[in-house]
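The values are calculated or read from the model by the stated rules, or taken from the named source; none is laboratory data. This structure is a prediction, so every number in the text was calculated from the model and none was measured. As a convention, Cβ positions derive from the backbone with ideal geometry for all residues, glycine included, and neighbour counts pool all protein chains shown. Side chains included, ligands, DNA and RNA excluded: accessible areas come from the protein's heavy atoms. Shrake-Rupley method; radii C 1.70, N 1.55, O 1.52, S 1.80 Å.
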Amino acid sequence: MTMPDGPIALPLAFELFATFVSAVAGAIAAAQRRYDPVGVFALALVGGLGGSLIRDGIYLQSGPPAAVRDDRILAAVLAGGLAGMALGQWSPRLERGFLVLDAVGLGVYAVVGADRALAAGVGGLGAVLVGVTNAVGGGVLRDVLTREEPLLFKPGQFYGLAAVAGAGLYVAIRTWVEIPSPTAAGVAVAVGTGLRLLAVYFDWRTPPAYWRHWLDEAAKEKKGG
């Protein structure tokens, strides 16, 4: 596998958008739990920047994380927190909106993380790993802080797989197809986000990694029949 030549980093607007929507999702999760403003902005910060801080602090160590080097990123978190706190007033109606925002943040951050890794000279598989971590990191930290079992760890609608699809497709396109990186990003974001939303809508679920699961299900069907 050969990496594309030349600068490939996506415009900062992609990261700002992912930060904003992920911060909104975190703030809505806090508002639904009736947290105070400090709790709302704490979850907005964790949801919006958790994955990118892991990305920059562990995988792409090149000085202070981007979040503290560019005030626009923290401004996106602040805006997301305010928007989420306002939307949280209608929290009983926002479960679907939360899922949509979370899916969009997942898809965009998967591509942003993979792109930043490629720009730093990371190999293809490593870039996919960085992209997935960037995508799911904030959600995992948000769930842990609110004492929810992280979606990433349990059988259910595609979450980590959607991030893998988005990051993997972006790396593949940038490696083998000669198109501008924003175009490649748009395609990959659409696939990653779309897969997550389709899984939620059609209730597509991953089975548990437990070999007896298949025997248990077969036994239930036989008994039922």
Sites removed, the longest contiguous part of the chain containing no DSSP-loop GluC sites (Glu not before Pro) with at most 15 other Cβ within 10 Å is 1-147
What helices does the chain hold that run 20 Å or longer along their axis, going by alpha-carbon atoms, with a Kyte-Doolittle average of 0.5 or more, using DSSP H for the helix calls?
12-32, 37-54, 71-87, 95-119, 124-145, 160-176, 181-202
Protein accessible area in the chain, 1.4 Å probe - carbon and sulfur %
64
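With an 8 Å Cα cut-off and a minimum separation of 6 or more residues, compute the relative contact order for the chain in percent.
That works out to 23 percent.
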Solvent-accessible heavy-atom area per residue, rounded to whole Å², over region 33-76 at 1.4 Å:
54
Among (i) 17.9; (ii) 18.7; (iii) 17.3, only one was calculated for this model; which label is it, if the read-out is Kirkwood radius over Cα pairs in Å?
(i)
DSSP loop trypsin sites (Lys or Arg not before Pro) with at most 16 other Cβ within 10 Å: longest gap in the chain:
35-146
Calculated from DSSP helices alone, with each H run of at least 4 adding -39500 (n - 2.57) and the total divided by the residues of the chain, [θ]222 nm to the nearest 500 comes to -24000 deg cm²/dmol
Please return the longest range in the chain lying between exposed loop sites, taking chymotrypsin sites (Phe, Trp or Tyr not before Pro), DSSP loop only, at most 11 other beta-carbon atoms within 10 Å, and leaving the sites out.
1-209
